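Notes for the one structure printed next.
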Amino acid sequence: MTEKDIPEWLLKNENYVPQLDRDTFVNKSITSLLSVLSHIRRQSGHKTDLFGINAAFSVIFTILFVVLLSVSRGLVFVITANVYLLFMLCFLKSEDIVVILKTSFGVAIFTFIILLPTALYGNFYSIAMITPKVFASVTAVNILSRSTRWNSITGALKTFFIPDIFILVLDITIMYITMLGEFSLDMLYALRLRSVGKNKSKHTSLAGIAGTMFIKSKEMAEDTYAAMECRGFTGEYRIYRKFKFSFADALYIIANVLIILCFIYFGRYLRK
Amino acid sequence: MIELTNVSYSYTDIPALNNISLNISKGESVTLMGPNGSGKSTLLKLVNGIITPDSGSYRFGGEEITKKKLHDNRFSKLFHQKIGFVFQNSQTQLFCPEVYDEIAFGPRQMGFIESEVEKRVKDCLNLLNIEALKNRQPYHLSEGEKRKVAIACVLSLNPEVLVLDEPLNGLDPRTQRWLVEFLINFNKGGKTLITSTHNLEFLQEISDRGILFDEDHCIAADMEMDKILEDIDLLKRVNLVDEYYHKHVGSKHSHFHLHNY
């Protein structure tokens, strides 16, 4: 190819005035994908889990905490649980605290509105109990999610005798959510960069992105399976995790045992 | 044409660009070099308005590019028409059912009549020597073909600046040579060219000026390409060459080459 082969129009500057067009869908998709990916990246970036607590304890006590909250009939226990969670929240980063509180308050307000009609029939107890219970449950799960790495959480599932192959599938799923997410983010960026005028058939472009994503995920799944087979995968998989117990774990267990004792004590107190 | 002043950018606490300042004039051909993760691709994203600086300023054609301005629909579209970006992974740029539609995507949006669109598509197909791919589905093409189609898509918009992220990666030697020739001639046609690479083989041919990034995400050198490639200590310091990389001196032809043993 020589310089002479370049068409004339490509050597001139374009005298172009773009028409207005709505790109809200693409921009919103980019924003929401970015927030999911940055959340996953931030979690992967944690060097250790919160205070270095063993993820198995975090998962066990979070589940237990949510169960105790659900079955509790004493308002004092629910308030104690909320105070404990807010105390735990103080140790997180400010941006995490903001995100967790936003979610928890959002869900709690929604619950409050849903339960509002019961108050009209004089049942104030439901609102007083269920709203703080929902707030505490959402906060507890979010603290776990924000402060513990994904691979630690999936690894902790082994404690509950969940099959290793299931944990492997979960790990691979999280990995592919990130990879395909980044791929689709690049596609949306490309669509935005190439949308220099009025796109009369936006649905076709978006369908094209969805189609390419489907083909890409299929190819990646086939490649992964082939790579696993090449590495000797025969359908069985064993996960090896070293069990560690630290001073932080001891403190965390003591705090949670106190919460369980509170549950028993306030439950009995109420019955008297 | 492109002015960056004290630009810094980080991805959720991980720095990617650290106090970068540089100017690129109209018609220049510049290559960004540096090891993996040094910030080359981030800089290209910033230059294309995909991201905006955390601090510092970016001006294109004398006008400052800010998040607010990029949210202005008309400004954003005009800016993206003036600067074309070929992604490192060309597959992410292709989303139309056929190669023809892919190349026609831009001109159709710009409001050209169908005969003009057809002319542009035909010219781009000829220029990149991919007429045979006209009715093929983009996702079934080889890497080299996808790269050519992605370049054709961007060229059909007739941008003033062409930005290519690692354009030679994953291409066979013949396609690499073809692409190098194409970029040289494209630049000779008066267009501004910005490429990024850590492949030193074709740099002298593509660009007169090199901008070298180090592992601290700063600019370690900004000078003529020949001078950069002669400064082996500098290249070693930024992990672009190892001790086996050298140049034959005194022979009729001088070239860098890699030892396989």
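Taken over the range B:150-164, residues that are surrounded by fewer than 24 Cβ atoms within 10 Å (Cβ to Cβ) and touching a Ser or Thr at 6+ places or on another chain (Cβ under 8 Å) amount to 3.
Residue check: B:ARG177 meets all listed conditions (1) outside any loop (DSSP other than H, G, I, E, B); (2) touching a helix residue (DSSP H, G or I) at 6+ places or on another chain (Cβ under 9 Å) but one, namely (2).
Taking the range B:10-28 as the range and being over 24 Å from B:GLU224 (Cα atoms), touching a helix residue (DSSP H, G or I) at 6+ places or on another chain (Cβ under 6 Å) and in contact (Cβ under 8 Å) with a residue 40 or more places away in the chain as the test, only B:ALA16 passes. Only a single item in (1) within 12 Å of chain B (Cβ to nearest Cβ); (2) acidic (Asp, Glu); (3) touching a residue at least 12 places away in the same chain (Cβ under 8 Å) is not met by A:GLU219, and it is number (3).
None of A:ILE174, A:ILE153, A:ILE127 is touching a Leu at 6+ places or on another chain (Cβ under 7 Å) and among the β-branched types (Val, Ile, Thr) except A:ILE127. Determine if the range A:198-211 includes at least one residue that is over 30 Å from B:GLY84 (Cβ atoms), within 14 Å of another protein chain (Cβ to nearest Cβ) and either in contact with a helix residue (DSSP H, G or I) (Cβ under 6 Å, 6 or more places away or on another chain) or at pLDDT 85 or above (or both). No, the range A:198-211 contains no residue that is over 30 Å from B:GLY84 (Cβ atoms), within 14 Å of another protein chain (Cβ to nearest Cβ) and either in contact with a helix residue (DSSP H, G or I) (Cβ under 6 Å, 6 or more places away or on another chain) or at pLDDT 85 or above (or both).
Of the helices (runs of 4 or more DSSP H) lying entirely inside the range B:12-126, those containing at least 3 residues that are facing another protein chain (nearest Cβ under 10 Å) and over 16 Å from the mean Cα position of the chain (by Cα) are B:73-82, B:99-109. Residues of the range A:12-60 that are at the interface with chain B (Cβ under 7 Å from one of its Cβ atoms), modelled with pLDDT of 80 or more and exposed (fewer than 13 other Cβ atoms within 10 Å of the Cβ): A:ASN13 alone.
Among residues belonging to the range A:108-131 that are more than 19 Å from A:LEU75 (Cα to Cα) and surrounded by 12 or more Cβ atoms within 10 Å (Cβ to Cβ), point out the one that is modelled with the lowest pLDDT. Applying the filter and picking the extreme gives A:ILE114. Working only within the range A:146-177, note down all residues that are surrounded by 16 or more Cβ atoms within 10 Å (Cβ to Cβ) and among the polar types (S, T, N, Q). Within the range A:146-177, A:SER147, A:THR148, A:ASN151, A:SER152, A:THR154 qualify. Hey, can you tell me all the residues within the range B:164-206 that are touching a residue at least 40 places away in the same chain (Cβ under 8 Å), closer than 19 Å to B:GLU145 by Cβ and within 14 Å of chain A (Cβ to nearest Cβ)? Of everything in the range B:164-206, those that are touching a residue at least 40 places away in the same chain (Cβ under 8 Å), closer than 19 Å to B:GLU145 by Cβ and within 14 Å of chain A (Cβ to nearest Cβ) turn out to be B:LEU164, B:ASP165, B:GLU166, B:TRP178, B:PHE182, B:LEU183.
Among residues that are among the basic types (Lys, Arg) and touching a helix residue (DSSP H, G or I) at 6+ places or on another chain (Cβ under 6 Å), B:LYS45 is not included. If you check B:GLY49 against the conditions, is it at positive phi and surrounded by fewer than 19 Cβ atoms within 10 Å (Cβ to Cβ)? So B:GLY49 does not fit the description; no. Of the residues making up the range B:2-11, just one is within 14 Å of chain A (Cβ to nearest Cβ) and among the small types (Gly, Ala, Ser), namely B:SER10.
The values are calculated or read from the model by the stated rules, or taken from the named source; none is laboratory data. Nothing here was measured: the structure is a model prediction, and the numbers come from that model. Note that we place each Cβ from the backbone using ideal geometry, even for glycine, and neighbour counts take in every protein chain shown.
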